[in-house]
Amino acid sequence: MNKERVTIQDIADALGLSRTTVSKALNGAPHMPEKTINNVLEMARKLNYKQFSYFNTADAPSIIPKKGGTFALFANYIPEHFHIATSIMASLEQEMRKYGYSLTIYMLNPDDVQSLHLPENFRLDQIDAILCIELFNKAYSEMVCSLGKPVLFFDSYYSPESSPLNANILLMESRCSTFRMMNEILSAQPLSKVGFIGDVCHCISFHERYEGFLNALNIRGIPFHESYCIKDEDHYFQEPLFLYDALRNMPELPELFFCANDLLAWKTIAALKQMGIQVSQDILICGFDDTLSLTPMDNTLTTVQTPSQEMGILATRIILNQIESPYLPPVTLYLNGKIKMRTSTLFR
């Protein structure tokens with residue numbers, strides 16, 4: 001059978017299952033019997049269904065590991081419970097449990113990162129793979145990649161002149177989605193003063209959002225002015241009064257701020273409120289991630305909704321494939337998000 005024409009229905013017919021059951025097995029739906037999943041994946045390989053054709057060799061191992069084991073998750077800090085990393089970590093742990101794996105989280109302190117030390121109690125011989133979240137230190141990332149284990153980063157440091165990491169990298173698609181969101185805002189309202197908030201070199205995603213932001217200004221013929229931007233290093237944004245002072249010291253506020261993520265957007269909104277400036281009435285704000293759920297303004301922020309739960313699922317599949325098939329090269333994958341236009345970018 002031509003692998004380019006194989007469908008889910010073909011797999012269902014071959015196994016005597018419904019199309020819905022096969023679709024759920026292929027997409028990792030919860031509460032599916034392991035026997036059903038194995039049968040569906042095996043038939044997908046036999047029929048050369050899409051990506052499963054890569055595993056259709058006589059000596060190819062099963063795509064689902066049988067032995068189980070342990071994944072290590074290196075986290076640069078404990079993410080706040082409304083941070084995108086929280087949702088990723090939850091779905092990651094749930095997904096790997098389905099395959100008999102456990103997740104051990106290791107918090108990295110600044111001294112360990114700077115001195116390139118592995119976390120206390122970390123045993124390399126007891127780990128099957130390493131995943132890294134919010135780890136944007138170049139030297140430490142390279143050290144992790146040298147340990148001889150499959151590695152996956154959720155986003156990574158920004159360094160265009162460096163060679164690619166020998167690791168899988170999973171990211172939100174940022175450049176085009178930021179451009180589309182900004183272009184839609186700017187085409188609806190005649191704005192001429194637009195600013196950016198965030199460290200553009202903090203990580204790959206932040207820099208790609210900055211590129212999308214600049215592309216939108218360029219296509220709409222809006223001049224870019226540094227005076228409307230706050231692009232200091234990321235650690236400054238953690239200081240309670242930094243944004244308030246930076247905004248207050250601006251010669252003039254823009255009409256619209258694009259913030260590199262929702263957390264920065266809500267910090268900006270809070271600082272502006274201290275200054276007596278109201279979003280929608282006086283200034284427009286948009287962000288990126290759509291992960292916050294703690295304030296009465298939840299549904300007012302224009303943003304890009306990222307598939308954080310799906311990132312945890314996909315990360316597990318990528319690492320499992322690499323464990324079972326070490327000859328596969330590492331990949332860099334982008335997951336698309338959805339633009340959410342809300343009232344924070346509509347003047348009242």
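The values are calculated or read from the model by the stated rules, or taken from the named source; none is laboratory data. Worth saying up front: this structure is predicted, and the values here are computed from it rather than measured. Surface accessibility is based on the protein's heavy atoms, side chains included, excluding ligands, DNA and RNA. Shrake-Rupley method; radii C 1.70, N 1.55, O 1.52, S 1.80 Å.
Points worth noting:
- Summarising the amide proton neighbourhood of Met172: residues at separation of 5 or more, or on other chains, whose placed amide H is nearer than 5 Å comprise Leu335.
- C-alpha long axis of helix 34-46 to longest principal axis of the chain, angle in °: 90
- Measuring only protein heavy atoms, the 1.4 Å probe finds Lys46 accessible over about 130 Å².
- Global form of the stretch 268-348, assessed from the alpha-carbon gyration tensor, a/c cut-off 1.5: prolate
- With Rh defined as the Kirkwood radius, the inverse of the mean 1/r over Cα pairs, the Rg/Rh of the stretch 241-314 is 1.03.
- Converting phi to 3J(HN,Hα) with the Karplus coefficients 6.51, -1.76 and 1.60 and the offset θ = phi - 60°, the stretch 203-219 yields 6, 4, 4, 4, 5, 5, 5, 5, 5, x, 4, 5, 4, 5, 4, 5, 5 Hz in sequence order, with x at every glycine or proline.
- Helix-only CD estimate at 222 nm, as mean residue ellipticity for the chain, using -39500 (n - 2.57) per DSSP H run (n ≥ 4): -11000 deg cm²/dmol
- Accessible-area value, Met182, 1.4 Å probe, nucleic acids and ligands omitted, Å²: 0
- Kirkwood hydrodynamic radius over Cα pairs of the stretch 190-315, then Stokes diffusion coefficient at 20 °C and 1.002 mPa s, in µm²/s: 141
- Rounded to the nearest 10 degrees, the inclination of helix 84-97 to the longest alpha-carbon principal axis of the chain is 10 degrees.
- Per residue, the convex hull spanned by the Cα atoms of the stretch 219-283 amounts to 104 cubic angstrom.
- Two numbers describe the Cα atoms of the chain: Rg and Dmax, which are 22.6, 70 Å.
- Beta bridges per DSSP, both residues in the chain: antiparallel share near 10 percent.
- Taking the DSSP bridge list for the stretch 197-341 and keeping only pairs wholly inside it, about 25 percent are antiparallel.
- Alpha-carbon geometry of the stretch 175-236: the Rg and the Dmax are 11.6, 34 Å, given in that order.
- Percentage of interatomic Cα-Cα distances in the stretch 107-173 larger than 19 Å: 29
- Karplus-based coupling profile of the stretch 195-202, in residue order and whole Hz: x, 10, 10, x, 7, 5, 10, 4, with θ = phi - 60° in 6.51 cos²θ - 1.76 cosθ + 1.60 and x standing for Gly or Pro.
- The percentage of C-alpha pairs in the stretch 122-212 whose separation is greater than 21 Å is 43%.
- Under-5 Å amide H pairs with Ile105, H placed in peptide plane, nonlocal only: Leu73
- Rolled with a 1.4 Å probe across the full set of protein chains, the surface gives Cys132 an accessible area near 0 Å².
- The long axis of helix 262-274 is offset from the longest Cα principal axis of the chain by roughly 20 degrees.
- Here the Kirkwood formula puts the hydrodynamic radius of the stretch 144-185 at 12.6 Å, using every distinct Cα pair.
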